[in-house]
Structures are given as C-alpha cells and as structure tokens.
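> I have a structure here, written as structure tokens, and I will follow up with some questions on it.
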Amino acid sequence: MLSLPNEMIAVLDPFAPVFRKRVWERVKLLVVGAILVPGQRTVASVLRVMGRGKDRHFQNDHRVLNRDRWASRIVSKILLRLLVEAFVPPEAPVIVGIDEHSERRRGAKIAAKGIYRDPVRSSKEFFVKTSGLRWISMQLVAAIPWAQRVWALPFLTVLAPSERSHQQRGRRPKTITDWGRQMIRQLRRWLPDRALVVVADSADAVLDRLARCQRLPRPVSIVTRLRL
C-alpha cells in the first residue's frame, strides 16, 4: 500500500469517494508518479519512477484509465471547488479561460480523430494540417501568491470528436461552439452563486453563444474578440 505524507493525503482525500477502494490505491500511485516523472507522463513511466517497473500485474494500473468506472465530471467538480477555495477570494469573480487544443495522434483504433489546423505550425501565409484529437479545456485563471504570476489551472477537459466520427456513430455532429456552450452551462451549475467571467479567443465570438450565456438565470460574462 502506498504511504504518503499527511499534507498530500489532505489534498487527495476529497477525491477518494469517487473511486472504489482498490482503484483508489492505484489512483494515488499514478498521481504521485505523474508529479515525479520527467518527460512524458505515461503509465509505464509512472510505474518506473515509483519503483514498480517490473510489476507482473502492471495491466491493473492501465485499467484505471481504460476500464475502471469512475465519474470524471465529479472529479472535475471537486477539483474546481478546491481551486476556487484556495485561490479566489469569496467576493471576487471566478475568471475561467476556455480554449481548444489539438493532440497529434495516429492509429486505426483512435476513432475520434480528425484533420485539424495546426496552430503551432500554421501562420497567416501557411496552412498546416494535423491528424489527431481535438480537446476543449477550461482553466481557472488565478494569481498564485508564491509564484507571483497568474496561472491557468485546468480543471475540465472535454473531447470534441470530429464530424466524421459523429456520422459513423449515427449522431448529430457538434461544433466547437456547442461543446463550449455546454461546458459553460456545466460551470454555472457547479458555481451557482459566484460571478463568472469566461475568457475566450475569437473562435468563440459567436452571437448565439453570447446570447445564451446572457439568458441564463444568472448570466455569465464572456470576454472575447468580436468583429464590428
């Protein structure tokens, strides 16, 4: 059984009810290993840095992510409330950033992949495509006292499958705007009594989304670049 310092146990304990007891022990192993491992944070790298590289039952740690049942949205909700309690004063608005990210992935078994614009390699003159997964991330934007900087702390990430992936499953395709609107509504349900400010780029400057956010029982303010 993994032994942790009391300070780390106090941070991780709020997440324990989300997992079964046997799974929770492996979750703690993966979380601590992900903090310590240099380079890519794969399960194999985590096991090696934790001294479990020769474990005969290593597949059980992989199953935490691909087979075991646990509610990722509940984990996100708990994480958000802990971050807000730690870094946002009670009277201050909660500032949240939302943005999309393309993860370069290839392979026949990656069903949700698509062809997207590569924002890193592209420019005004060149348009570069990349194959992979598209994620939409929400981050709490807060001033970190000991860092003396403003950090964006991710708490919710949603996979936005490609249009072809939706069609193959017989579902109606969702746009980035649709996913973002649902994430903002989820954020409002998690923090019903706090003033919310969402910061987004020009891709999220859609009048329909802005109008829907204003029609919520408690409106959400959105800061974005909007063309005249």
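> Tell me, please, whether a residue that is hydroxyl-bearing (Ser, Thr, Tyr), touching a strand residue (DSSP E or B) at 6+ places or on another chain (Cβ under 6 Å), assigned to a loop (DSSP other than H, G, I, E, B) and modelled with pLDDT of 75 or more can be found in the range 139-160.
no
> Which condition from (1) open to solvent by less than 100 Å² (accessible area, probe 1.4 Å); (2) modelled with pLDDT of 85 or more is the one that Met8 breaks?
(2)
> I would also like to ask the following. Taking Arg22 as the residue in question, decide whether it is open to solvent by 30 Å² or more (accessible area, probe 1.4 Å), part of a helix (DSSP H, G or I) and at pLDDT 90 or above.
no
> If a residue must be exposed (fewer than 14 other Cβ atoms within 10 Å of the Cβ) and outside any loop (DSSP other than H, G, I, E, B), how many such residues does the range 204-228 contain?
Residues meeting the conditions: 5.
> Hey, among Glu85, Glu91, which residue is open to solvent by 80 Å² or more (accessible area, probe 1.4 Å) and either in contact (Cβ under 8 Å) with a residue 40 or more places away in the chain or assigned to a helix (DSSP H, G or I) (or both)?
Glu85
> Same structure again: What are the residue pairs meeting all of these: first residue in the range 174-195, first residue in contact (Cβ under 8 Å) with a residue 12 or more places away in the chain and within 18 Å of Val141 (Cα to Cα), second residue surrounded by fewer than 15 Cβ atoms within 10 Å (Cβ to Cβ) and not small (Gly, Ala, Ser), Cβ atoms under 6 Å, and 6 or more apart or on different chains?
Sorted first by the residue in the range 174-195, then by its partner, the pairs are Arg188/Leu216; Ala195/Pro93.
> Looking at this structure, is Arg172 open to solvent by 80 Å² or more (accessible area, probe 1.4 Å) and part of a loop (DSSP other than H, G, I, E, B)?
yes
The values are calculated or read from the model by the stated rules, or taken from the named source; none is laboratory data. Just so it is clear, the model here is predicted, and its values are computed rather than measured. Positions of Cβ are backbone-derived with ideal geometry, glycine not excepted, and every protein chain shown enters the neighbour counts. The area values use the complete protein model at the heavy-atom level, side chains included, leaving out ligands, DNA and RNA. Shrake-Rupley method; radii C 1.70, N 1.55, O 1.52, S 1.80 Å.
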